[in-house]
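Novice: The following block contains the structure, expressed as structure tokens.
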Amino acid sequence: MNTILKIITNFFENIFILFLIAFTLNGCSFSTDIEKNLNLIEQVQVALEMEKINTKVYAKTLHELKENNPLMITPLKDFWGNDFFYQRKENGKDYILISKGKDGIINTNDDMQ
């Protein structure tokens, strides 16, 4: 009886591990929406930094960033599907990048930078 219990327990442990692997490989995780959104912001920031390395200034718009880098897979929308607020400073040496958050409205409590 003890051996059967061990076999059943081992079986379900293996199923759980396979489930976790499949869940992760499908792009799913236990991350919160906020963590996922911060990751998207970071991806855009990295793409902007690469653009600055190549051109000495940041892109005027996020669409220009995408046009200059046609192979770029970085999304231009936040986790909730809202366009990022992006503004390049006048000298092209700095920028503002904000996710408008779940409500999609700039300058509210759920905005993220």
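A short reminder: the numbers here are calculations on the coordinates, not readings from a lab. Keep in mind that what you see is a predicted model, and the values were worked out from it rather than measured. With ideal geometry, Cβ positions are generated from the backbone for all residues, glycine too; neighbour counts draw on all protein chains shown.
Novice: Give me the net charge for the shell around Leu62: Cβ to Cβ below 13 angstrom, other residues only, Lys and Arg +1, Asp and Glu -1.
Specialist: Net local charge, Leu62 excluded: -1.
Novice: Could you please report the charge total around Asn82, scoring K, R as +1 and D, E as -1 over all other residues with beta-carbon less than 10 angstrom from its beta-carbon?
Specialist: Around Asn82, the surrounding residues sum to 0.
Novice: Same structure, new question: Which values, in whole Å and largest first, are the semi-axes of the equivalent ellipsoid of the range 32-104 obtained as the square root of 5 times each eigenvalue of the Cα gyration tensor?
Specialist: 21, 13, 10
Novice: If we count every other residue with Cβ under 14 angstrom of Gln45's Cβ, Lys/Arg +1 and Asp/Glu -1, where does the sum land?
Specialist: -3
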